[in-house]
1. Grab the DSSP H runs of the chain that are 4 residues or longer, score each as -39,500 (n - 2.57), total them, divide by all residues and round the 222 nm result to the nearest 500 deg cm²/dmol.
2. Once Rh for segment 105-188 is found with the Kirkwood sum over Cα pairs, what is the Stokes-Einstein diffusion coefficient at 20 °C and 1.002 mPa s, in µm²/s?
3. Taking each pair of distinct Cα atoms in segment 292-342 once, what is the resulting Kirkwood hydrodynamic radius in Å?
4. Based on the alpha carbon coordinates of segment 318-447, what radius of gyration and maximum Cα-Cα distance (Dmax) apply, in Å?
5. Could you tell me what percent of the DSSP beta bridges with both partners in the chain are antiparallel, to the nearest 5?
6. What is the sum of charges, Lys and Arg at +1 and Asp and Glu at -1, for the other residues whose Cβ falls under 11 Å from the Cβ of residue 412?
7. Could you state the orientation-averaged shadow area of the convex hull built on the Cα atoms of the chain, in nm² to one decimal?
8. After finding the eigenvalues of the alpha carbon gyration tensor for segment 370-434, what semi-axes result from the square roots of 5 times each, listed largest first in whole Å?
Amino acid sequence: MSGSHTDLRQAFEQAGQGHVFRFWDQLDESQQSNLLSEAAEIDLEEINRLSDTLVMGGQEESFDSDGLEPAPYRAHPSNGGDAALWQRAREVGEEALRGGKVAAFVVAGGQGTRLGYNAPKGTFPVTPVSQKSLFQVFAEKIRAAEIRYETQIPWLIMTSNANYEATVEAFEQADYFGLKKENVRFFRQGRLPAVDGKGKILLEDKDSIAMSPDGHGGSLRALVRSGAIAEMKKRGVSTISYFQVDNPLVHCIDPTFVGFHLMEGSAEMSSKMIPKAYSTEKVGHFCTQNGQTKVIEYSDMPESLQEAKDAEGKLRFIAGSIAIHVISVDFVEKMGGDNSDLNLPFHLAHKKINHVDEAGKSVSPQKPNGYKFEMFVFDALPFASDPVIIETRREDEFSPVKNAEGLDSPKTCSEDQLRQFTRWTLAAGLDLATDVTGLPAIRFEVSPLFADSEAAFVEKWNSLEVKPEITDGTVLS
Ligand code: UTP
């Protein structure tokens, strides 16, 4: 036994987690080395503190309504917002883009359990005709912005430990979807062991710990630890456009949003909201409390508040969070640095976790049997100075693929894309038959490289000398 191995085992014994090495003598050399490297990743002090406080102590932050108010937001021009202000914001954002100050950032480390797709979610085919993957759609949107603003846009891609190789491979295979390889930067997020109801670390196998990604909030430390933030600073990037991997409608690069964030001067993190469709819609709520901005999850918000109306009869807490943020590089550094004492809270997820029992038998539980620990990126908002929240339109920007069927599924997302492409063609004066929901009778597709917004579509369409016919199966690219 090497010295470091003995030290590690001792540390686990002392922390009450010695059972992790229970099967040590049955393992061959490479299995032992696997177990050791996983064990070395674990911050025992952190995991025991989380187990003591959250699993055994039940100390998840409880809901407090004292001083809770709906967060103010900048209304979209189509909803009474000041069009001149939005135009000014756009110009400020465009200048930052032209100056190479903006990077795109997708968090793609989730496990995608609900979709049940056996590959990185970003490789999921999502467009209605050509079945482009989510990654390809984002890549083309980023490329379209590079062309429009004659600039280079670095794209940061956070994967989990588990899907890193498959993600990089997908980009290699696709020749980076037309982007410059040196502008695409992959890095892994951190992971934590899952524990049972007594706070004991679970083994996934005799030689392997049940580890899971540390949540999208882990992105702040991963950005710093991976060196991505240092690289961004070197390139002169000051602002990061954050989005999730599951929403092909997102404007990966939105000059107006970037502009609103920058115009505030001291804003460290800003967010987009959509008005909730109905009171119990499962999105977080933007609120303020004690001078801080925060997101309160639908599951934590009492129904009476979710349903509360204002004097005009509109939902009082109407601002729903859709996980689109602009974050300043300096703020990421402040929050994600190893010496930072500004820690995001961890949340507990009670899950079914495959593991080996004390006898070394594999167990696939039917009921949740353990706990995972996750951080949420929106928990950074209370630490941020002067967050700006702007409204976006659901139909323009939000249709995630979360579930295999039903709500937020590949089907609903494909239909929402079709409705969007149809609205653009109608705005350009074309005639397309639709049903009452705006869904066209044909399937067609607009590549982001043809147009990435209604205005861009109209301009492009009008500039075409020969206008193609749009029929079933047309892809405008
Ligand atoms: P979700 O909350 O939808 O989780 O992630 P998920 O893991 O993808 O899916 P389910 O719940 O297992 O079905 C929202 C976004 O945050 C990213 C996901 O990749 C997605 O873009 N995410 C989530 C991470 O990057 N890391 C995590 O640890 C969790």
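1. Details: 14 runs with 144 residues, N = 477.
My calculation for the chain gives -9000 deg cm²/dmol from helical runs alone.
2. Values: Rh = 13.2 Å.
Rounded, D is 162 µm²/s.
3. Details: mean 1/r = 0.0718 Å⁻¹.
Hydrodynamic radius (Kirkwood, Cα only) of segment 292-342 equals 13.9 Å.
4. So, for segment 318-447, Rg and Dmax equal 22.0, 70 Å respectively.
5. Values: 36 of 58 bridges.
Once the DSSP bridges in the chain are tallied, antiparallel ones form about 60 percent.
6. Details: positive: 402, 411, 419; negative: 405, 408, 415, 416.
Result for the neighbourhood of residue 412: -1.
7. On the way: hull surface 100.2 nm².
Projected over every direction and averaged, the Cα hull of the chain covers 25.0 nm².
8. Details: eigenvalues 227, 88, 6 Å².
Taking √(5λ) for each eigenvalue gives 34, 21, 5 Å, largest first.
FYI, it's all coordinate maths here, none of it is from the lab. A quick note: this is a predicted structure, and the numbers were derived from the prediction, not measured. A quick note on method: Cβ atoms are made from the backbone with ideal geometry, for glycine too, and the neighbour counts reach across all protein chains shown.
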